[in-house]
Amino acid sequence: MKEIGFTDVDGIKVGHEHNLEAATGCTVIICEQGAAVGVDVRGGAPGTRETDLLNPVNLVQKVHGIMLAGGSAFGLDAAAGVMQYLEEREIGFDVQVTRVPIVCGTVLFDLLIGDYKIRPDKEMGYRACLNATDSECRQGNVGAGTGATVGKILGMERAMKSGLGWYALQTGELKIGALVAVNCLGDVIDPVSGEKLAGLLNEDRETLADTEEIMIRSCSESKNLFSGHTNTTIGVVATNAAFTKSQATKLASMAHNGYARTMRPAHSMFDGDTIFTMATGRVHADLSVAGLLAARAMERAVVAAVKNAAPLCGLKCHNDLKT
(Lines give C-alpha, C1' and ligand atoms only; values in the text may rest on other atoms or scores of the structure.)
Protein backbone atom coordinates (compact mmCIF):
# COMPACT_ATOMS: atom_id res chain seq x y z
CA MET A 1 0.00 0.00 0.00
CA LYS A 2 1.30 3.46 -0.88
CA GLU A 3 0.27 7.09 -0.59
CA ILE A 4 -0.92 8.83 -3.75
CA GLY A 5 -2.50 12.16 -4.65
CA PHE A 6 -6.25 12.63 -4.41
CA THR A 7 -6.42 13.50 -8.10
CA ASP A 8 -4.53 10.29 -8.95
CA VAL A 9 -7.91 8.54 -8.63
CA ASP A 10 -8.84 7.79 -12.23
CA GLY A 11 -11.31 10.22 -13.80
CA ILE A 12 -11.27 12.83 -11.00
CA LYS A 13 -10.50 16.55 -11.22
CA VAL A 14 -10.56 19.02 -8.32
CA GLY A 15 -10.90 22.80 -8.39
CA HIS A 16 -11.04 25.47 -5.68
CA GLU A 17 -12.14 29.09 -5.56
CA HIS A 18 -12.35 31.32 -2.50
CA ASN A 19 -12.37 34.82 -1.07
CA LEU A 20 -9.92 35.13 1.82
CA GLU A 21 -11.24 38.52 2.98
CA ALA A 22 -14.79 37.16 3.16
CA ALA A 23 -13.45 33.85 4.55
CA THR A 24 -15.49 31.55 2.34
CA GLY A 25 -15.13 29.44 -0.78
CA CYS A 26 -16.09 26.33 -2.68
CA THR A 27 -14.50 23.15 -3.99
CA VAL A 28 -15.65 21.06 -6.95
CA ILE A 29 -14.87 17.42 -7.66
CA ILE A 30 -15.62 16.67 -11.31
CA CYS A 31 -15.96 13.32 -13.07
CA GLU A 32 -16.71 14.10 -16.71
CA GLN A 33 -17.48 10.46 -17.56
CA GLY A 34 -19.84 10.20 -14.61
CA ALA A 35 -19.46 8.25 -11.38
CA ALA A 36 -21.72 6.09 -9.25
CA VAL A 37 -22.33 8.23 -6.18
CA GLY A 38 -23.64 7.56 -2.69
CA VAL A 39 -24.17 9.78 0.32
CA ASP A 40 -24.51 9.39 4.07
CA VAL A 41 -25.70 12.32 6.18
CA ARG A 42 -25.08 11.77 9.89
CA GLY A 43 -25.33 15.23 11.45
CA GLY A 44 -28.55 16.85 12.59
CA ALA A 45 -28.21 20.15 10.68
CA PRO A 46 -27.30 19.37 7.04
CA GLY A 47 -27.49 21.51 3.94
CA THR A 48 -27.52 19.40 0.78
CA ARG A 49 -28.45 19.36 -2.91
CA GLU A 50 -29.64 16.50 -5.15
CA THR A 51 -29.29 13.77 -2.54
CA ASP A 52 -32.68 12.17 -3.26
CA LEU A 53 -31.61 11.05 -6.71
CA LEU A 54 -28.81 8.99 -5.13
CA ASN A 55 -31.42 6.58 -3.78
CA PRO A 56 -30.73 3.34 -5.69
CA VAL A 57 -34.40 3.09 -6.76
CA ASN A 58 -34.24 6.39 -8.65
CA LEU A 59 -33.47 6.81 -12.35
CA VAL A 60 -30.14 8.61 -12.69
CA GLN A 61 -27.14 6.32 -12.24
CA LYS A 62 -24.21 8.69 -12.80
CA VAL A 63 -23.19 11.99 -11.21
CA HIS A 64 -20.83 14.41 -12.96
CA GLY A 65 -19.85 16.73 -10.14
CA ILE A 66 -19.92 17.26 -6.40
CA MET A 67 -19.76 20.73 -4.91
CA LEU A 68 -18.59 21.50 -1.37
CA ALA A 69 -19.07 25.08 -0.19
CA GLY A 70 -19.20 27.50 2.69
CA GLY A 71 -21.97 30.05 3.06
CA SER A 72 -24.49 27.81 4.81
CA ALA A 73 -27.61 27.25 2.68
CA PHE A 74 -26.75 30.32 0.60
CA GLY A 75 -23.67 28.49 -0.66
CA LEU A 76 -25.74 25.89 -2.51
CA ASP A 77 -26.04 28.54 -5.23
CA ALA A 78 -22.48 27.70 -6.32
CA ALA A 79 -23.72 24.44 -7.84
CA ALA A 80 -25.41 26.49 -10.59
CA GLY A 81 -21.96 27.51 -11.81
CA VAL A 82 -20.89 23.86 -11.94
CA MET A 83 -24.03 23.11 -13.95
CA GLN A 84 -23.17 25.87 -16.43
CA TYR A 85 -19.58 24.71 -16.83
CA LEU A 86 -20.56 21.11 -17.52
CA GLU A 87 -23.46 21.97 -19.86
CA GLU A 88 -21.13 24.15 -21.95
CA ARG A 89 -19.01 21.04 -22.46
CA GLU A 90 -22.03 18.83 -23.25
CA ILE A 91 -21.55 16.76 -20.11
CA GLY A 92 -24.67 15.43 -18.42
CA PHE A 93 -27.78 13.29 -18.60
CA ASP A 94 -29.13 13.28 -22.18
CA VAL A 95 -32.65 14.76 -22.36
CA GLN A 96 -32.53 15.24 -26.16
CA VAL A 97 -32.66 19.05 -26.20
CA THR A 98 -29.56 19.29 -24.00
CA ARG A 99 -27.54 17.37 -21.48
CA VAL A 100 -28.43 18.01 -17.85
CA PRO A 101 -25.35 17.82 -15.61
CA ILE A 102 -26.02 15.93 -12.38
CA VAL A 103 -24.38 17.92 -9.61
CA CYS A 104 -24.72 17.07 -5.94
CA GLY A 105 -23.64 19.42 -3.20
CA THR A 106 -23.35 20.13 0.48
CA VAL A 107 -22.45 23.19 2.54
CA LEU A 108 -20.93 24.18 5.86
CA PHE A 109 -21.61 27.19 8.07
CA ASP A 110 -18.85 29.82 7.96
CA LEU A 111 -20.89 33.02 8.27
CA LEU A 112 -19.45 34.03 11.66
CA ILE A 113 -16.01 34.94 10.29
CA GLY A 114 -15.08 37.20 7.40
CA ASP A 115 -17.96 38.94 5.62
CA TYR A 116 -21.23 37.02 5.95
CA LYS A 117 -22.74 39.01 3.08
CA ILE A 118 -20.33 37.39 0.62
CA ARG A 119 -21.08 33.73 -0.02
CA PRO A 120 -20.23 31.14 -2.66
CA ASP A 121 -22.41 31.83 -5.71
CA LYS A 122 -22.81 30.75 -9.32
CA GLU A 123 -19.76 32.75 -10.43
CA MET A 124 -17.55 31.24 -7.73
CA GLY A 125 -18.72 27.73 -8.60
CA TYR A 126 -17.93 28.35 -12.27
CA ARG A 127 -14.45 29.68 -11.47
CA ALA A 128 -13.77 26.65 -9.28
CA CYS A 129 -14.51 24.46 -12.32
CA LEU A 130 -12.15 26.51 -14.48
CA ASN A 131 -9.49 25.84 -11.85
CA ALA A 132 -10.16 22.10 -11.80
CA THR A 133 -7.18 19.89 -12.55
CA ASP A 134 -6.08 16.28 -12.21
CA SER A 135 -2.51 17.26 -11.34
CA GLU A 136 -2.75 19.29 -8.13
CA CYS A 137 -4.95 19.48 -5.03
CA ARG A 138 -4.23 22.23 -2.51
CA GLN A 139 -4.89 22.05 1.25
CA GLY A 140 -5.51 24.42 4.14
CA ASN A 141 -7.32 27.74 3.74
CA VAL A 142 -8.63 26.95 0.26
CA GLY A 143 -11.99 26.23 -1.34
CA ALA A 144 -14.68 24.98 1.00
CA GLY A 145 -12.20 25.01 3.87
CA THR A 146 -11.47 28.74 3.66
CA GLY A 147 -13.82 29.69 6.51
CA ALA A 148 -13.75 26.36 8.36
CA THR A 149 -13.33 26.48 12.13
CA VAL A 150 -13.40 24.07 15.08
CA GLY A 151 -14.00 24.18 18.84
CA LYS A 152 -16.96 26.58 18.90
CA ILE A 153 -18.99 25.44 21.89
CA LEU A 154 -18.11 28.59 23.89
CA GLY A 155 -18.18 31.01 20.97
CA MET A 156 -15.82 32.12 18.24
CA GLU A 157 -13.42 33.87 20.65
CA ARG A 158 -12.32 30.42 21.88
CA ALA A 159 -12.50 28.68 18.47
CA MET A 160 -9.63 27.78 16.11
CA LYS A 161 -9.03 27.87 12.38
CA SER A 162 -9.31 24.65 10.42
CA GLY A 163 -9.34 24.07 6.67
CA LEU A 164 -9.53 21.58 3.84
CA GLY A 165 -7.41 18.46 3.66
CA TRP A 166 -7.02 15.28 1.66
CA TYR A 167 -5.33 11.92 1.81
CA ALA A 168 -5.24 9.09 -0.71
CA LEU A 169 -3.76 5.63 -0.98
CA GLN A 170 -3.41 2.73 -3.38
CA THR A 171 -3.23 -1.02 -2.88
CA GLY A 172 -2.81 -3.06 -6.03
CA GLU A 173 -4.97 -1.36 -8.66
CA LEU A 174 -7.45 0.02 -6.12
CA LYS A 175 -7.20 3.75 -5.42
CA ILE A 176 -9.14 5.54 -2.67
CA GLY A 177 -8.90 9.16 -1.61
CA ALA A 178 -10.73 11.37 0.87
CA LEU A 179 -11.13 15.15 0.73
CA VAL A 180 -12.77 17.05 3.60
CA ALA A 181 -13.52 20.54 4.90
CA VAL A 182 -13.39 20.26 8.70
CA ASN A 183 -15.83 22.60 10.44
CA CYS A 184 -16.88 20.66 13.51
CA LEU A 185 -18.38 21.83 16.80
CA GLY A 186 -15.78 19.97 18.82
CA ASP A 187 -12.11 19.04 18.92
CA VAL A 188 -9.89 17.22 16.41
CA ILE A 189 -7.72 14.29 17.53
CA ASP A 190 -4.97 12.45 15.67
CA PRO A 191 -6.10 8.83 16.20
CA VAL A 192 -2.61 7.49 15.54
CA SER A 193 -0.75 9.54 18.16
CA GLY A 194 -3.70 10.43 20.39
CA GLU A 195 -2.65 14.10 20.19
CA LYS A 196 -5.35 16.76 20.35
CA LEU A 197 -4.61 18.94 17.33
CA ALA A 198 -7.17 21.74 17.48
CA GLY A 199 -10.47 22.70 19.01
CA LEU A 200 -11.76 24.63 21.99
CA LEU A 201 -9.13 26.92 23.50
CA ASN A 202 -8.68 27.48 27.20
CA GLU A 203 -9.04 31.04 28.49
CA ASP A 204 -5.32 31.60 27.88
CA ARG A 205 -5.97 30.97 24.15
CA GLU A 206 -2.67 29.07 24.09
CA THR A 207 -3.72 25.57 25.15
CA LEU A 208 -6.64 23.28 24.41
CA ALA A 209 -9.68 22.55 26.56
CA ASP A 210 -12.08 19.61 26.15
CA THR A 211 -15.38 20.14 24.34
CA GLU A 212 -16.94 16.85 25.41
CA GLU A 213 -16.20 17.48 29.07
CA ILE A 214 -17.91 20.86 28.88
CA MET A 215 -20.92 19.29 27.16
CA ILE A 216 -21.19 16.62 29.88
CA ARG A 217 -20.90 19.11 32.72
CA SER A 218 -23.53 21.38 31.21
CA CYS A 219 -26.08 18.72 30.25
CA SER A 220 -28.45 19.64 33.09
CA GLU A 221 -28.21 23.40 32.61
CA SER A 222 -30.99 25.32 30.92
CA LYS A 223 -28.51 27.63 29.22
CA ASN A 224 -27.94 26.71 25.61
CA LEU A 225 -24.22 26.60 24.86
CA PHE A 226 -24.78 25.99 21.17
CA SER A 227 -25.13 29.37 19.48
CA GLY A 228 -26.69 28.42 16.18
CA HIS A 229 -25.86 25.85 13.55
CA THR A 230 -22.28 27.07 13.16
CA ASN A 231 -20.69 23.80 12.18
CA THR A 232 -20.77 20.84 9.73
CA THR A 233 -17.91 18.80 8.27
CA ILE A 234 -18.33 17.89 4.61
CA GLY A 235 -16.29 15.47 2.56
CA VAL A 236 -15.93 13.28 -0.51
CA VAL A 237 -14.43 9.83 -0.93
CA ALA A 238 -13.33 9.06 -4.48
CA THR A 239 -12.32 5.63 -5.73
CA ASN A 240 -11.64 3.96 -9.05
CA ALA A 241 -13.61 0.90 -7.91
CA ALA A 242 -16.60 -0.35 -9.91
CA PHE A 243 -19.44 0.07 -7.40
CA THR A 244 -23.17 0.53 -7.81
CA LYS A 245 -25.10 3.38 -6.18
CA SER A 246 -26.06 1.01 -3.36
CA GLN A 247 -22.45 0.03 -2.78
CA ALA A 248 -21.32 3.66 -2.98
CA THR A 249 -23.86 4.52 -0.30
CA LYS A 250 -22.49 1.79 1.96
CA LEU A 251 -18.98 3.08 1.30
CA ALA A 252 -20.07 6.54 2.50
CA SER A 253 -21.46 4.96 5.64
CA MET A 254 -18.18 3.21 6.42
CA ALA A 255 -16.15 6.34 5.65
CA HIS A 256 -17.92 8.12 8.52
CA ASN A 257 -15.76 6.02 10.86
CA GLY A 258 -13.00 8.43 9.88
CA TYR A 259 -15.05 11.32 11.29
CA ALA A 260 -15.77 9.40 14.49
CA ARG A 261 -12.10 8.61 15.06
CA THR A 262 -10.94 12.21 14.69
CA MET A 263 -13.71 14.57 15.82
CA ARG A 264 -15.05 14.69 19.36
CA PRO A 265 -17.95 14.82 19.25
CA ALA A 266 -18.91 13.86 15.71
CA HIS A 267 -22.44 13.78 14.25
CA SER A 268 -24.00 16.07 16.86
CA MET A 269 -27.36 17.76 16.34
CA PHE A 270 -25.42 20.95 15.62
CA ASP A 271 -23.26 19.40 12.89
CA GLY A 272 -24.55 18.51 9.43
CA ASP A 273 -21.79 15.96 8.86
CA THR A 274 -22.04 14.59 5.31
CA ILE A 275 -19.91 12.33 3.11
CA PHE A 276 -20.39 11.70 -0.61
CA THR A 277 -18.64 8.83 -2.38
CA MET A 278 -17.72 8.70 -6.07
CA ALA A 279 -16.87 5.40 -7.79
CA THR A 280 -15.44 5.85 -11.28
CA GLY A 281 -15.71 2.17 -12.19
CA ARG A 282 -12.21 1.29 -13.36
CA VAL A 283 -11.35 -1.77 -11.21
CA HIS A 284 -13.18 -4.46 -9.26
CA ALA A 285 -12.77 -4.33 -5.49
CA ASP A 286 -14.11 -5.82 -2.28
CA LEU A 287 -16.51 -3.36 -0.65
CA SER A 288 -15.46 -4.19 2.91
CA VAL A 289 -11.80 -3.56 2.12
CA ALA A 290 -12.68 -0.37 0.28
CA GLY A 291 -14.71 0.75 3.30
CA LEU A 292 -11.94 0.31 5.82
CA LEU A 293 -9.51 2.09 3.51
CA ALA A 294 -12.01 4.93 2.99
CA ALA A 295 -12.30 5.40 6.76
CA ARG A 296 -8.52 5.38 7.08
CA ALA A 297 -8.15 7.92 4.27
CA MET A 298 -10.82 10.13 5.79
CA GLU A 299 -9.19 10.23 9.22
CA ARG A 300 -5.87 11.24 7.68
CA ALA A 301 -7.63 13.87 5.54
CA VAL A 302 -9.21 15.38 8.67
CA VAL A 303 -5.78 15.56 10.31
CA ALA A 304 -4.34 17.16 7.16
CA ALA A 305 -7.10 19.78 7.10
CA VAL A 306 -6.15 20.94 10.60
CA LYS A 307 -2.39 20.74 10.18
CA ASN A 308 -2.42 22.69 6.90
CA ALA A 309 -4.69 25.47 8.15
CA ALA A 310 -3.30 28.97 8.59
CA PRO A 311 -4.49 31.80 10.88
CA LEU A 312 -7.34 33.87 9.49
CA CYS A 313 -9.67 36.57 10.83
CA GLY A 314 -7.86 36.58 14.17
CA LEU A 315 -8.31 32.84 14.72
CA LYS A 316 -5.32 30.74 15.69
CA CYS A 317 -4.39 27.49 13.95
CA HIS A 318 -2.73 24.25 15.00
CA ASN A 319 0.78 25.60 14.43
CA ASP A 320 0.12 28.49 16.85
CA LEU A 321 -0.47 26.24 19.85
CA LYS A 322 2.04 25.87 22.67
CA THR A 323 3.42 22.36 22.82
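The values are calculated or read from the model by the stated rules, or taken from the named source; none is laboratory data. Quantities reported herein were computed from a predicted structural model and do not represent experimental measurements. In this analysis, Cβ positions are derived from the backbone assuming ideal geometry, glycine residues included, and neighbour counts consider all displayed protein chains. Calculation scope for accessible area: heavy atoms of the full protein, side chains included, ligands and nucleic acids excluded. Shrake-Rupley method; radii C 1.70, N 1.55, O 1.52, S 1.80 Å.
A few notes on this one:
- Entry note, the chain: the mean residue ellipticity at 222 nm calculated from DSSP H runs of n ≥ 4, each adding -39500 (n - 2.57), is -6500 deg cm²/dmol after division by the residues and rounding to the nearest 500.
- With protein chains left intact and a 1.4 Å probe, residues in region 109-156 average 41 Å² of accessible area per residue.
- Taking the protein heavy atoms of region 52-120 in the context of the full set of protein chains, the accessible area attributed to carbon and sulfur is 53 percent at 1.4 Å.
- Here the spin labels are modelled as points 7 Å beyond Cα on the Cα-Cβ line, and at Ser246 and Ala310 they lie 4.8 nm apart.
- Whole-number accessible area per residue in Å² for region 275-323, which is evaluated in the context of all protein chains at 1.4 Å: 41 Å²
- When the Cα gyration tensor is reduced to axis lengths a ≥ b ≥ c, the ratio a/c is 1.5 or higher for the chain, and with a/b above b/c it is classed as prolate.
- With a simple spin-label model that places each label point 7 Å from the Cα along the Cα-to-Cβ direction, the separation between Glu203 and Asp52 comes to 5.1 nm.
- Rounded tilt (10° steps) of 79-88 against the dominant C-alpha axis of the chain: 20 degrees
- Relative to the longest principal axis of the Cα atoms of the chain, helix 287-307 runs at roughly 50 degrees.
- Cα-based helix-to-principal-axis angle, 245-262 vs the chain, degrees rounded to 10: 20 degrees
- Heavy atoms of Phe270: accessible area, 1.4 Å probe, square angstrom to 10: 50 Å²
- Cβ-based charge dipole, the chain, positive-most Cα from Gly291, Val41, Val100: Gly291
- Gap separating the Cα centres of region 273-303 and region 42-105, nearest whole Å: 20 Å
- Sequence-distant lysines (8 or more away, or on other chains) whose Cα lies within less than 22 Å of Lys250: Lys62, Lys175
- Residue among Ala78, Ala132, Ala301 with the largest mean-square fluctuation in a Gaussian network model of the chain, springs linking Cα atoms under 10 Å: Ala132
- Along the chain, longest interval not containing exposed trypsin sites (Lys or Arg not before Pro), exposed being DSSP loop plus at most 10 other Cβ atoms within 10 Å: 1-116
- Cross-link reach is defined here as a Cα-Cα straight distance under 27 Å, omitting same-chain residues fewer than 8 places apart; for Lys161 the lysines meeting it are Lys13, Lys117, Lys122, Lys152, Lys196, Lys223, Lys307, Lys316, Lys322.
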